[in-house]
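What follows is a set of notes on a single structure, which appears directly below.
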Amino acid sequence: VLPEGAAAVRRTATIRWLARAAVGAERRAVSGCRLDLEGHSRRSFSKASDVGGQVAVEGLPIEVPSSQQLRAPSGGGAAVDRRVATRRLAQAAAGHSQSAWRPWRWPGAVSGCRLALDGRSRHFSEESEGGLGEISAIEVPSSQQLQMLGLASALPFLGFGFLDNALMIICGDFMDSTLCVYFNFSTMAAAAIGNTVSDFFGIFSGGMVESLAIRCGVEEPPITRAQKALFESKCWQYTGQAVGIVIGCILGCCPLIWLDPEKGERLKREKEQSQVFQSVVDKVADMLHAEAAELVFVDAVRGDLYSTNVTSNLHHHRWKLGDGFMGHAATSGKFVNVADVHDELHYDPKLHDNFLGTGIIVRSLLCMPVWHKNEVVGLINVINKKDGTFTTRDEDVLSAISTHVAVAMGRTSENFEEVLENCEKSMTQQASPIWNTTTMQRRKTLFEPVLEGMSHLLGAESLSLLLLDEEHGELYTEAVQGSLPKRRGKLVDSFAGWTVERGLVFNRRLEPEESDPDRLRAYQGSGVEVRSVLCVPIFDTRRKCLGAFEAVNKMSNEAFDADDVVYVQQVANYIALMLEGPTAELRRVLSLTRQHLQHKAAIETSGLQRDSMVVCYLEQGQDLPESCGDGDGMMDPYVTFQIVRGDPMKDESSGLAQRILSQRSQEVRKHSWEIGKSNTEFMERYPKWHETIAIPVPDALKDVPSEELYVHVLLWDYDSLKEDHLVAQACFPLSRMPRTAARGARPFALHPIPEQKGLYDLDKARIWLSFSPGVEAQPLSASAS
């Protein structure tokens, strides 16, 4: 093989010589003749002469047909002439003579040469490896040969694509779940390693698949190198390779069917969790001043507990679910706080006097369940408080930690689903949201000793805590002590339902001759014969009912006394604070402050400052209308007072009740007031209030002339479950207020609300009022709403 430079010289000289042979002595070329030598060089020639003849090149005669002959129709003699001219021109190009041009007669000198005459192409190559050989036309392979060439080209690449993708996926997954977990590599690093391995083995896949195909009868057709180099052959070859590698890569994805795509991420998360949980265990032992601590999880398959993280003075272990305090906490879902294990039923010397063979003698123990998806999945155990016993504060801290452990165990979507589910339940119960199952279960655990102590103090046969499901209008048992079962039912089906509907205490000793004796003999399907009942409502800060306590059957066969009622009401206030949430205490403090400020302003009436405050004496109501709400038609009336600008009776716009309720809702967050409110008289058409209520002039109206100010009086019907109902109104101009205190109340007519005309019968309804000016001693705004 000649070096590249010599080969280039040889090609150039051959092309020039071939051009001379084609042009001849008269420098005129054959029409449409084009030379193509191995795809490197092309030469085109000008118009041909119309006269045929012979051209002698170095003693070699070449018969060149005229352009007229070449333009003759295809077939017959013209076709023969064209083939003859083509072959002879090729022979001239090959140097078929004994002339000085012999060096260009080497094998392959003009291999790949193509002549195009009048758009007809012929390809030529040397057939022999030595000597001059015969230059002949290259026939294009048949369609069957081209298809076989494409198939034979596709199979090796199909094998390469399959092995490349399959090995990359398998190796990448293996690296992701091993080396990447151990060395904290990324998933992209695992993919790079898998790709390297697959490329290494892919080198050998093509030959192996090709050999297998040949044994199966699929091989390249018997075509020459020149035929394989044709454009048509290359198209089939490259197309087959492209199709083969695409199909191979698709088939190579099959490991994804059985591989776990989340295994690597799960192992990384578990490793990170283990590190976090270990720090939690160590921190808990240090924070609670405990001798040891551990985190154990429930193995549902083996039915026992196994430790995952322990302090340095403990070792990993498995624990039976039925053994000791840990087994009790795991099976019951109740936290365990034991000051001295020797005094408890679950104490076992074999388990606790030498805990796990570590030499630790268990004295005090705190076990907090870890809840996830409404089931106990683990425990945090803290052993031996160093400076006394575990306190309720320790319980609160460990409960919060167990909640975060449960969050760390689950996925983000699962945690949010649990939170949203608990919030949805809380919305229907008119109570504060319980953000996690651990807090909810711990609250239920604390209810039991509370009810047990209350039942013992009241001397009741059974005591239940019932909460309201507002969406369905039902009461359900949150906790119970005694013979009554847990239940869920409509408000009309129980004594507690009556209490919740009316917001009143129900305390009666029931006689056998009372109505519906079957219901009394088998109350709520329990088989308990009811002799006496005490039901006390539980109110939130807005005095909306959250539920009720229901005590049944005083042991002494007497009715519950007044002391019992006062005690249960006090407990109900504390339960309401817990149900409302962490800010309920502050809201009640603000409410108490407003009440005292209103009372103080009402009794300081020695001055005569008109532009600061008005004091109203509310004596009574007369012939008030019946309630339009659900129930027995009896109204629970109360009255509000507010100083406004302009005559409110002339305002015909709707939505007055919602505007006033919204203002009262805003006042809950402030210590001052602008709306004075009386007490509520239950089930009265002729209520007796006898209250003195201070009504401040709002700061925004201090500079408004008194002729434009009015006292707006509104009569409301209290509803313990829903928003209160606005019944009627009245107004009094501030400019006509007496300068001295009024000597007695007078009756005033009540007028309907614009959008409620005809809803209430107000023809005979009267409200007895008197007004007097107040003082400017305090920068107050007015009453508790």
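The values are calculated or read from the model by the stated rules, or taken from the named source; none is laboratory data. Everything numeric here is computed off the predicted structure, so don't read it as measured data. Cβ placement follows ideal geometry from the backbone for every residue including glycine, while neighbour counts extend to all protein chains displayed. To get the accessible areas, we keep the full protein, side chains included, count just its heavy atoms, and leave off ligands, DNA and RNA. Shrake-Rupley method; radii C 1.70, N 1.55, O 1.52, S 1.80 Å.
Data for the structure
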read-out: In the stretch 440-470, residue least open to solvent (accessible area, probe 1.4 Å) [restricted to those that are in a helix (DSSP H, G or I) and acidic (Asp, Glu)]; value: Glu448
read-out: When residues of the stretch 350-376 are limited to those that are under 13 Å from Lys334 (Cα atoms) and of a type in the set (A, V, I, L, M, F, W, C), the one modelled with the lowest pLDDT; value: Trp371
read-out: From the options Leu345, Leu351, residue that is of a type in the set (A, V, I, L, M, F, W, C), open to solvent by 20 Å² or more (accessible area, probe 1.4 Å) and in a loop (DSSP other than H, G, I, E, B); value: Leu345
read-out: Candidates Asp323, Asp299 - the one that is more than 25 Å from Met409 (Cα to Cα) and open to solvent by less than 60 Å² (accessible area, probe 1.4 Å); value: Asp323
read-out: Pair list, Cβ < 7 Å and 6+ apart or interchain, from the stretch 745-761 residues that are closer than 19 Å to Val711 by Cβ to residues that are assigned to a helix (DSSP H, G or I); value: His751/Met649; Ile753/Leu656
read-out: Single condition Met683 does not satisfy, out of (1) touching a helix residue (DSSP H, G or I) at 6+ places or on another chain (Cβ under 9 Å); (2) aliphatic (A, V, I, L, M); (3) under 19 Å from Phe771 (Cβ atoms); value: (3)
read-out: Total residues in the stretch 535-552, condition out of contact with any Leu (no Cβ under 9 Å at 6 or more places or on another chain) and surrounded by fewer than 23 Cβ atoms within 10 Å (Cβ to Cβ); value: 2
read-out: Residue pairs meeting the criteria (Cβ under 9 Å; at least 6 apart or on separate chains; first of a type in the set (Asp, Glu), in the stretch 483-502; second part of a helix (DSSP H, G or I)); value: Asp493/Arg519; Asp493/Gln524; Glu501/Leu491; Glu501/Val492
read-out: Matching option when the condition is at pLDDT below 85 and either surrounded by 16 or more Cβ atoms within 10 Å (Cβ to Cβ) or not aliphatic (A, V, I, L, M) (or both), among Lys425, Lys386; value: Lys425
read-out: Qualifying residue in the stretch 234-243 (condition: polar (S, T, N, Q), part of a loop (DSSP other than H, G, I, E, B), surrounded by fewer than 18 Cβ atoms within 10 Å (Cβ to Cβ) and touching a residue at least 40 places away in the same chain (Cβ under 8 Å)); value: no
read-out: Pick from the stretch 542-574, criterion of a type in the set (S, T, N, Q) and in a loop (DSSP other than H, G, I, E, B), ranking: nearest to Phe495 (Cα to Cα); value: Asn557
read-out: Hits in the stretch 635-667 (condition: in a loop (DSSP other than H, G, I, E, B) and touching a helix residue (DSSP H, G or I) at 6+ places or on another chain (Cβ under 6 Å)); value: Glu652, Ser654
read-out: Subset of the stretch 555-570 (residues that are open to solvent by 20 Å² or more (accessible area, probe 1.4 Å) and modelled with pLDDT of 90 or more); value: Asp561, Ala562, Asp563, Val565, Val566, Tyr567, Gln569, Gln570
read-out: Spans of helices (runs of 4 or more DSSP H) in the stretch 117-232 with at least 2 residues at pLDDT 80 or above and open to solvent by 80 Å² or more (accessible area, probe 1.4 Å); value: 143-177, 187-215
read-out: Residues located in the stretch 478-494, provided they are surrounded by 19 or more Cβ atoms within 10 Å (Cβ to Cβ), of a type outside the set (A, V, I, L, M) and within 13 Å of Gly547 (Cβ to Cβ); value: Glu478, Ser494
read-out: Residue match in the stretch 713-729 (condition: in a strand (DSSP E or B), more than 57 Å from the chain's Cα centre (by Cα) and small (Gly, Ala, Ser)); value: no
read-out: Filtered residue count, the stretch 451-477, keeping only those that are over 26 Å from Lys544 (Cβ atoms) and polar (S, T, N, Q); value: 2
read-out: Number of the condition not met by Asn374 [criteria: (1) surrounded by fewer than 19 Cβ atoms within 10 Å (Cβ to Cβ); (2) over 22 Å from Arg443 (Cα atoms)]; value: (2)
read-out: Positions within the stretch 688-714 being open to solvent by less than 10 Å² (accessible area, probe 1.4 Å) and touching a Leu at 6+ places or on another chain (Cβ under 8 Å), in sequence order; value: Ile693, Ala694, Pro696, Val697, Leu709, Val711, Val713, Leu714
